[in-house]
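*Asks:* Below is the structure I would like to discuss, written out as structure tokens.
The values are calculated or read from the model by the stated rules, or taken from the named source; none is laboratory data. Computed from a predicted structure; not experimentally measured. We place every Cβ from the backbone using ideal geometry, glycine too, and count neighbours over all the protein chains shown.
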Amino acid sequence: MSDPCETTEHHLDRLLRRALNSFDLPDSTVDRLGTALAHSSSLHSSHHSSVLHRETYRHTYLLADGSALTLWELVHSGGRDVRSPRRHELYDDEGDARIAASRLAGSLSDSPAFGDEVTPEAPGDLEMLTVLMSAPPAPLPRTYAPDNSSDHARRVLRRAENADRPGEEKARLLRAAFAHHITQIFGRQCDVDGRPAGFTLYEHAFLLLDGSETSLWEVEHTATPDGRHMCEVYEDEHTARAAMESRTRIC
């Protein structure tokens, strides 16, 4: 329910401005909200009938001191047969929001239950917000370098010693490569049959003349009977990792 493009500051300002009762929130709550670093919003419950449309949202904030604070927003209007503007109310206590929702129907007994249509329970709000704040940044776009790339592809395929290396169809496709980028995906030293061996996995990514991309996955290792260096090439990462796993359980 959260808008990933909306800052927490703007979200809070919008929430407080539209609430009819925002002045009822304790000053201590408003002061704590001023330190909010991130937020998450979700639909807690809803009810729709001919006379009442009611939704309750839970807004949880991660504060600078590491704690979490939750606001309950009650949104209601007339139902299918009763036209009225949408109204917003804010509460910092779930019990108060429950009572307010019950009063909309006239009494505690004839109103829909506050959690009748509760959405499936999500991970703890504080845990979820902490994960969001600690998520790694998105990887940078791949940068290709035009450098006789079709010849580079031929050299990679030529040094492959595995019988199931990419065949002529892949080689023909790579003749249209005009730029490439090499990334080391994996590297590890370990013991294989009591001898030290090294494994390295590279992705050779190629940009083709038609704008499409394709890759070769190269495994370099020394898990050979005499410890010599060996090169294997595969069409996809899964197959390359499976080849390493067939020699040792390091991947």
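*Asks:* Please enumerate the residues belonging to the stretch 79-106 that are out of contact with any Leu (no Cβ under 7 Å at 6 or more places or on another chain) and over 19 Å from Ala19 (Cβ atoms).
*Replies:* Arg80, Asp81, Val82, Arg83, Gly106
*Asks:* Inside the stretch 17-29, can you point out the residues that are part of a helix (DSSP H, G or I), within 16 Å of Tyr61 (Cα to Cα) and either under 30 Å from the mean Cα position of the chain (by Cα) or in contact (Cβ under 8 Å) with a residue 60 or more places away in the chain (or both)?
*Replies:* Correct list: Thr29 only.
*Asks:* List the number of the failed condition for Arg249; all other conditions in (1) at pLDDT below 90; (2) in a strand (DSSP E or B); (3) not hydrophobic (A, V, I, L, M, F, W, C) hold.
*Replies:* (2)
*Asks:* Restricting to the stretch 162-204, and then to whatever is among the acidic types (Asp, Glu) and in a strand (DSSP E or B), can you tell me which residue is modelled with the highest pLDDT?
*Replies:* Glu203
*Asks:* Determine which single condition Pro112 fails, assuming it passes every other condition in (1) assigned to a loop (DSSP other than H, G, I, E, B); (2) at pLDDT 75 or above; (3) crowded, with 17+ Cβ neighbours inside 10 Å.
*Replies:* It fails just one condition, (2).
*Asks:* Name the single residue, out of those in the stretch 30-51 being more than 22 Å from Gly79 (Cβ to Cβ) and among the polar types (S, T, N, Q), that is farthest from the chain's Cα centre (by Cα).
*Replies:* In this case the residue turns out to be Thr35.
*Asks:* Another question, if that's okay. If the Cβ limit is 6 Å and pairs must be 6+ apart or interchain, which residue in the stretch 180-197 that is among the small types (Gly, Ala, Ser) pairs with which residue that is assigned to a strand (DSSP E or B)?
*Replies:* Qualifying pairs under 6 Å: Gly187/Thr200.
*Asks:* When you go through Arg14, Arg54 one by one, which is the residue that is more than 25 Å from the chain's Cα centre (by Cα), more than 17 Å from Ala101 (Cβ to Cβ) and of a type outside the set (Val, Ile, Thr)?
*Replies:* Arg14
*Asks:* Looking at (1) under 20 Å from Arg158 (Cα atoms); (2) under 26 Å from the mean Cα position of the chain (by Cα); (3) crowded, with 17+ Cβ neighbours inside 10 Å, which is the only condition Thr222 fails?
*Replies:* Exception for Thr222: condition (2).
*Asks:* Within the set of pairs 6+ apart or on separate chains, which have a first residue in the stretch 147-161 that is part of a helix (DSSP H, G or I), a second that is surrounded by fewer than 15 Cβ atoms within 10 Å (Cβ to Cβ), and C-beta atoms under 7 Å apart?
*Replies:* As it stands, the answer is Ser149/Phe178; Ser150/Arg175, since those pairs meet every condition given.
*Asks:* Could you check how many residues of the stretch 44-90 are among the small types (Gly, Ala, Ser), touching a residue at least 40 places away in the same chain (Cβ under 8 Å), out of contact with any Gly (no Cβ under 7 Å at 6 or more places or on another chain) and assigned to a strand (DSSP E or B)?
*Replies:* 2
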